[in-house]
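Notes to accompany the following structure.
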Amino acid sequence: MTLLTLAVVVAYAAFIEWFWGWDSILAQWGKVGALPILLALALLTGTYFLRTWRIYDYFPKETSGRFTALFRVTQVHNLLNIMMPFRTGETSFPVLMRSEFGIPLARGTSALFVMRLLDLHALLAAAGVGLALASSYHVLAWIVWAAFLLLPVAGFISRRPLIRLAARILPKKAQGLVHELERGLPVNARAFARAWLTTVVNWLVKVVVLAWALRLMNVTPLSASFGGALGGELSSVLPVHAPGGVGTYPAGITAGAMAFGASSAKEAIENLAQASINAHLLIIVSALTGTAIGLLVGRKRS
C-alpha cells in the first residue's frame, strides 16, 4: 500500500510538471506572500488541536492527563488517513487507541463512526447554506436545511431504542459488541453537544481558511472560494479518496468552485486548477506539520 501511494504521488507530481510546470504552480504562492501562507498554515494546524480535544473529551477517563500522547495518536491517524487510499487509513484510529489507551476496538470504531458522521453532517450543512441562498423557494429551502441541521439531535435521542432493538434481534454472542458500540457513543446530552459544537467550529475554521487562501489566489467570486473549500473537504471525507488525495482533492475544489459560481472562462479555469493544487499542498503541509509536532511533544517518557 505504501508503494502504491508513493507511485501515485510521484506520477501526479510528474503530470503537474508536464502539464503546468511546478514553477507556474508555486508562483501563486509568491504573489500571495509569506505572511498569509504562514497564518493559514498556523490556523489549519490549530484545528488539529481542536480535533484532539474532541477525542480527549470523548474519552475523559482513558485519556485524562495524556493530551500530548493523544495528539500524537490523532496526528499519525490523520496523516495515514490522508495518504492511504479509499479511507483505509481510518482503521489506524481504533488500533492506535487500543494500543495507547486500552480502548476496545469496537468502542473506538463506534466513536470514530459517530465523529465521521458529525464531520460529514457539518460539511453538508455548510453546503446547504449556499444552496438555500441560491434557491428560488427560500422558505421551503430553509425549512429543509433546518430539518437537516437537527438530524444529529434526532439520532442521539433515538440511540437507546435502536440499541435495545439490536440487542433483542442479535444473538447472545453479539451482546458484548453491542455494549461496546453503545459505549462509543457520547455518554450524555452535554457530551454530545460538546462534540457537535467542536465539530462545527473545527470545520468552520478549516473551510474559512481554505476559502481565504483560494480567494488570495484570485478564485472569484467569494462564493466560489467558499464552494471550492467545501468541495475539497467533502472529497476528503467521502469513501472515494485517492492516495494522498492527489487528483481527488483538487477535483473536489474545482467542482465546488464551479458549482458556486466560478467563471467558466479558460483563464479562470486555468487559475482555479492551479489554485486547487496549491490549496491541496497547504493541507498536506499542515498535516505534516501537525504530525511533526505530535511526534515531538508526544514522545513516550521512559
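The values are calculated or read from the model by the stated rules, or taken from the named source; none is laboratory data. Not measured: the values here are computed from a predicted model. Positions of Cβ are generated from backbone atoms using ideal geometry, with glycine treated the same way; all protein chains shown enter the neighbour counts. When the accessible area is computed, the model is the full protein with side chains, heavy atoms only, and any ligands, DNA or RNA have been set aside. Shrake-Rupley method; radii C 1.70, N 1.55, O 1.52, S 1.80 Å.
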For peptides 280-291, 151-162, sequence by mean Cβ density within 10 Å, most packed first
280-291, 151-162
Just to be sure I understand: with springs between alpha-carbon atoms less than 10 Å apart, which residue in ARG164, ARG72, ARG54 has the highest mean-square fluctuation in the Gaussian network model of the chain?
ARG164
Would you mind computing Rg(Cα) / (2.2 N^0.38 Å) for the stretch 152-302, counting N as its residues?
1.40
Before anything else, pin down the relative contact order of the stretch 233-276: Cα pairs under 8 Å, at least 6 apart, normalised by residue count, whole percent.
35 percent
For the stretch 242-281, what does the convex hull of the Cα positions come to per residue, in cubic angstrom?
49 Å³
Is any residue of the stretch 111-134 close enough, with backbone N under 13 Å, to a label point placed 7 angstrom from the Cα of PHE148 along the Cα-Cβ axis, and if so, which?
120-134
Stokes-Einstein D (µm²/s) once Rh is taken as the Kirkwood radius of the stretch 5-97 over alpha-carbon pairs, at 25 °C in 0.890 mPa s
153 µm²/s
For the stretch 212-271, what is the convex hull volume of its Cα atoms per residue in Å³?
75 Å³
With charges only on Cβ, +1 for K and R and -1 for D and E, what is the dipole size of the chain about its Cα centre, in debye, rounded to 20?
1460 debye
The relative contact order of the stretch 26-168, taking Cα pairs under 8 Å that sit 6 or more residues apart, comes to a percentage of 11 percent
Would you mind estimating how fast the stretch 26-79 diffuses translationally, via Stokes-Einstein at 10 °C and 1.306 mPa s with the Kirkwood radius over Cα pairs, in µm²/s?
124 µm²/s
Give the accessible surface of the chain per residue, rounded to a whole number of Å², with probe radius 1.4 Å and ligands, DNA and RNA excluded.
52 Å²
In vacuo Debye sum over C-alpha of the stretch 140-220, base-10 log of normalised intensity I(q)/I(0) at q = 0.17, 0.23, 0.25 Å⁻¹, listed in q order, is -0.86, -1.08, -1.13
Dimensions (Å) - the chain, Cα atoms, principal axes, largest first:
62, 58, 33
What figure, in Å² to the nearest 10, do you get for the accessible area of SER110 with a 1.4 Å probe and non-protein molecules left out?
10 Å²
Selected from ALA132, ALA273, ALA211 as most flexible by GNM, with the chain as the system and alpha-carbon contacts under 10 Å
ALA132
Once every DSSP H run of n ≥ 4 in the chain is given -39500 (n - 2.57) and the sum is divided by its residues, what mean residue ellipticity at 222 nm do you get, rounded to the nearest 500 deg cm²/dmol?
-26500 deg cm²/dmol
Can you list the equivalent-ellipsoid semi-axes of the stretch 87-172, largest first and in whole Å, using the square root of 5 times each Cα gyration tensor eigenvalue?
34, 19, 8
Using a 1.4 Å probe on the protein heavy atoms, what percent of the accessible area of the chain belongs to carbon and sulfur?
73 percent
Under the rule rounded for a/c under 1.5, else prolate if a/b exceeds b/c, else oblate, using alpha carbon gyration tensor axes a ≥ b ≥ c, the stretch 15-171 is classed as oblate
For the stretch 47-122, diffusion coefficient by Stokes-Einstein and Kirkwood Rh (Cα), 10 °C, 1.306 mPa s, µm²/s
128 µm²/s
